[in-house]
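**Q** This is the structure I want to talk about, given as structure tokens.
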Amino acid sequence: MSDDTVAAAEAHRQQTRRTRRLLHAMTAVALLITAAVGTAAMADTPPDPHPSTADQEQGMHPGRPFHDPADADTAGSQDLNITLGAADTRFEVGGRKVYGQSYNGSFVAPTIRMTPGSTVTIKLVNHLSVATNLHFHGLHVSPEGQSDDPFLCVAPGAETTYQLAIPANHPQGTFWYHSHAMGKTCPPPGSTDGMDGMDGMSDTPDPSATPSAPSSPGTGFTPGDVMNQVFAGLSGAIIVGDDRTLLPRDLRYTTTHTMVLKDVQLDSTGHIVQGFINSKAPTVRLVNGQLRPVLTMKPNETQLWRLVNAGANISYQLQLDGYQFTVVGEDGVPVNQVSTPDRLLLPPGKRYDVLVTASDHPGTATLRNVAFNTGPIGDNYPDVPLATIKVAGHPVPKKSTVSGSIPTAPADLSAVPVAQHRTVDFTQSSDNMSYYINGKQFAMDSPAFDTPAKVGTVEEWTIVNHTGVDHPFHLHTNAFQVVSVNGVAQPYTARDDTVPVPHEVNGVPGQIVIRVDFADFPGKWMFHCHIAAHEDFGMMSYINVVP
């Protein structure tokens, strides 16, 4: 082949690539306009009809006996080695066959049990038609390499292997994992505007794939795909160690239950809704994929419940009628001060480990989501029963009560020196289609701050919410301590990795002040609103952490 022929062929390939990129951009702008028009129309007219909650529940079977999610590994070995296959799946939800996406075939992904000091190897195989990855929410592991790096991308048909080195002093408690896909396609290897290169990625975008719409023409912003993938079913619980070992001796062998809270919206064909997911639309709330299951306890029995909001967008305010929750762990970390609230607020991503003691006589109680709203432009959630607690059988001896600090609770940060003060501003566009941190939508090559954080220092951040909806703030890699809420000092009770930032009231922004301990692990520490729709459309960033 002559040099002229080779040059002509290369020129043709380059022109084809430019044409594809142009078509993608034009289609993306068209999708943006369509989405914006649709959103504007929704502001003035009722939303498009959705099947009612009752219609979606047709074919489901409420009231079945409660069961925990399956475990990913039952061998009981110190070092785990498991495979998760992400795939389009027809599975059971509440006893009804529906279409969604799963890890290994079930709507609630298998629970992964880890041991402090162990190595966990997880091979992710992507059978989906879009890119995906994994995030191990709340785990205190490295954000770099083949560890908890949300910038990794696994293309359709590809696979990658995560290796998590769990520190020997890792907190014992409840965590979770889910897709953290930054987009539907993986960028070319070496690209400066996309995820890190991974095996299996093509060097050009898939021309058959539907491109994601940018927030505005020319910005280069591409929405993520976290909302669609988590909503379709790609999430499950992680249990590190056994926090019962931190409790009084007579509670160390008490029965435990994992309760993964997830919701679905089903269309008339039995598919979990994808694309524009309207959190105000009729929704079916589920516990471990079950519709209003019945959990049986004996009179006086104490159980440890591991509560996980593993859904995409909506919050839960839990109440067990006639009971209190004894909180011994929050966001996977033992608490510094046990509390006994009547209600627990779980925005997306939130977890609590709680003790519940049954009454001393037979009867029933309802675990419910209590009606509440998340702000004037947020969601109004109805009162919804989630499960029935049935107290029956012969009474058992009462167990110890728990108070004070749980062993291994992290130290109070309120009096430590602060190396840096930073401000994180949450804003959004008037059409609620674009979301910002410090005036910018997420960009993979642009951290929120020019000045990095340093390992071994503590910083104080003020997160300011200039919008009319509560935004749950989530920080990867390490939990933080809330110092104040709307100017009111907060006593140290627990560390969090997910906490709601109050909405603006009468023009006054809501705010929280937190202290972040950059104890170890250099790399990109990501933070974002954990309403998946908001992070997908820009309310996400990261800070560089250096030695």
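**Q** Is it true that some residue in the range 295-307 is open to solvent by less than 10 Å² (accessible area, probe 1.4 Å), closer than 30 Å to PRO223 by Cβ and either touching a residue at least 12 places away in the same chain (Cβ under 8 Å) or hydroxyl-bearing (Ser, Thr, Tyr) (or both)?
**A** For the range 295-307, residues open to solvent by less than 10 Å² (accessible area, probe 1.4 Å), closer than 30 Å to PRO223 by Cβ and either touching a residue at least 12 places away in the same chain (Cβ under 8 Å) or hydroxyl-bearing (Ser, Thr, Tyr) (or both): present.
**Q** For the range 315-345, give me each residue that is under 19 Å from the mean Cα position of the chain (by Cα) and either closer than 16 Å to VAL482 by Cβ or buried (at least 23 other Cβ atoms within 10 Å of the Cβ) (or both).
**A** Those that are under 19 Å from the mean Cα position of the chain (by Cα) and either closer than 16 Å to VAL482 by Cβ or buried (at least 23 other Cβ atoms within 10 Å of the Cβ) (or both): SER315, TYR316, LEU318, GLY329, GLU330, ASP331, GLY332, VAL333, LEU344, LEU345.
**Q** Only residues that are part of a loop (DSSP other than H, G, I, E, B), of a type in the set (Val, Ile, Thr) and open to solvent by less than 20 Å² (accessible area, probe 1.4 Å): list them for the range 129-160, please.
**A** VAL141
**Q** OK, next. Which members of the range 476-488 meet the condition of being closer than 18 Å to VAL335 by Cβ and part of a strand (DSSP E or B)?
**A** Within the range 476-488, PHE480, GLN481, VAL482, VAL483, VAL485 meet the criteria.
**Q** Follow-up question, since we're still on this one. Given the criteria in contact with a Phe, Trp or Tyr (Cβ under 8 Å, 6 or more places away or on another chain), in contact (Cβ under 8 Å) with a residue 60 or more places away in the chain and within 27 Å of HIS528 (Cβ to Cβ), does LEU346 qualify?
**A** Here the answer is yes, as LEU346 does meet what is asked.
**Q** Do you know which of the residues in the range 362-405 that are assigned to a loop (DSSP other than H, G, I, E, B) and farther than 30 Å from GLU301 by Cα is most open to solvent (accessible area, probe 1.4 Å)?
**A** Ranking the candidates gives PRO376 first.
**Q** Also: Got at least one residue in the range 500-519 being touching a Phe, Trp or Tyr at 6+ places or on another chain (Cβ under 9 Å), in contact (Cβ under 8 Å) with a residue 40 or more places away in the chain, buried (at least 18 other Cβ atoms within 10 Å of the Cβ) and under 30 Å from GLN274 (Cα atoms)?
**A** The answer is yes, given that some residue of the range 500-519 is touching a Phe, Trp or Tyr at 6+ places or on another chain (Cβ under 9 Å), in contact (Cβ under 8 Å) with a residue 40 or more places away in the chain, buried (at least 18 other Cβ atoms within 10 Å of the Cβ) and under 30 Å from GLN274 (Cα atoms).
**Q** Then there is this: Determine whether the range 350-359 contains at least one residue that is under 26 Å from THR457 (Cα atoms), at pLDDT 95 or above and not aliphatic (A, V, I, L, M).
**A** Yes; the residues of the range 350-359 include at least one that is under 26 Å from THR457 (Cα atoms), at pLDDT 95 or above and not aliphatic (A, V, I, L, M).
**Q** What's the number of the condition ASN544 fails, among (1) open to solvent by less than 30 Å² (accessible area, probe 1.4 Å); (2) part of a strand (DSSP E or B); (3) over 30 Å from GLY404 (Cα atoms); (4) in contact (Cβ under 8 Å) with a residue 60 or more places away in the chain?
**A** Going through the list (1) open to solvent by less than 30 Å² (accessible area, probe 1.4 Å); (2) part of a strand (DSSP E or B); (3) over 30 Å from GLY404 (Cα atoms); (4) in contact (Cβ under 8 Å) with a residue 60 or more places away in the chain, ASN544 breaks only (1).
**Q** Restricted to the range 70-101, and to residues that are open to solvent by less than 20 Å² (accessible area, probe 1.4 Å) and under 23 Å from GLN163 (Cβ atoms), which residue is modelled with the lowest pLDDT?
**A** In this case the residue turns out to be LEU80.
**Q** Which residues, taken from the range 161-193, are in a loop (DSSP other than H, G, I, E, B), over 21 Å from GLY349 (Cα atoms) and either in contact with a helix residue (DSSP H, G or I) (Cβ under 9 Å, 6 or more places away or on another chain) or among the polar types (S, T, N, Q) (or both)?
**A** Hits for the range 161-193 are ASN169, LYS184, THR185, SER191, THR192.
**Q** Going by the structure shown, is VAL455 more than 22 Å from GLY523 (Cβ to Cβ), modelled with pLDDT of 95 or more and open to solvent by 30 Å² or more (accessible area, probe 1.4 Å)?
**A** It is false that VAL455 is more than 22 Å from GLY523 (Cβ to Cβ), modelled with pLDDT of 95 or more and open to solvent by 30 Å² or more (accessible area, probe 1.4 Å).
**Q** In addition: Testing GLY468 on (1) under 27 Å from TYR381 (Cβ atoms); (2) more than 21 Å from the chain's Cα centre (by Cα); (3) open to solvent by 50 Å² or more (accessible area, probe 1.4 Å), one condition comes back false. Which one is that?
**A** The one condition GLY468 does not meet is (3).
**Q** Answer with yes or no whether GLY523 is at positive phi and crowded, with 18+ Cβ neighbours inside 10 Å.
**A** So GLY523 fits the description; yes.
**Q** Residue under question is THR408, and the condition is that it be under 28 Å from the mean Cα position of the chain (by Cα), within 18 Å of VAL545 (Cβ to Cβ), open to solvent by 30 Å² or more (accessible area, probe 1.4 Å) and not acidic (Asp, Glu); does it hold?
**A** no
**Q** Within the range 490-525, work out how many residues are part of a strand (DSSP E or B) and more than 13 Å from the chain's Cα centre (by Cα).
**A** 17
**Q** Kindly list, by first and then second residue, each pair from a residue in the range 179-192 that is at pLDDT below 80 to a residue that is open to solvent by 50 Å² or more (accessible area, probe 1.4 Å) and in a loop (DSSP other than H, G, I, E, B), limited to pairs with Cβ atoms under 9 Å and residues at least 6 apart or on different chains.
**A** Note: pairs meeting the criteria are PRO189/ASP196; PRO189/ASP203; THR192/ASP445.
**Q** Can you report the number of residues in the range 226-252 which are outside any strand (DSSP E or B) and out of contact with any helix residue (DSSP H, G or I) (no Cβ under 7 Å at 6 or more places or on another chain)?
**A** Residues in the range 226-252 being outside any strand (DSSP E or B) and out of contact with any helix residue (DSSP H, G or I) (no Cβ under 7 Å at 6 or more places or on another chain): 15 in total.
**Q** Determine, yes or no, whether SER216 is open to solvent by 10 Å² or more (accessible area, probe 1.4 Å), modelled with pLDDT of 95 or more and among the polar types (S, T, N, Q).
**A** no
**Q** Only residues in the range 56-70 that are closer than 15 Å to PHE91 by Cβ count as the first member; pair them with residues that are part of a loop (DSSP other than H, G, I, E, B), Cβ under 6 angstrom, at least 6 apart or cross-chain, and list the lot.
**A** Listed pairs, sorted by first residue: MET60/GLY94; MET60/GLY95; MET60/LEU291; HIS61/GLY95; PRO69/VAL108; PRO69/ASN288.
**Q** Next question. Within the range 337-356, which residues are in contact with a Lys or Arg (Cβ under 8 Å, 6 or more places away or on another chain) and either within 13 Å of THR408 (Cα to Cα) or of a type in the set (Asp, Glu) (or both)?
**A** Within the range 337-356, ASP353 is the sole residue that qualifies.
The values are calculated or read from the model by the stated rules, or taken from the named source; none is laboratory data. Being a predicted model, the structure only gives us computed values, none of them experimental. Reconstructed Cβ throughout: ideal geometry from the backbone, glycine too, with neighbour counts over all protein chains shown. SASA here: full protein model, heavy atoms, side chains in, ligands and nucleic acids out. Shrake-Rupley method; radii C 1.70, N 1.55, O 1.52, S 1.80 Å.
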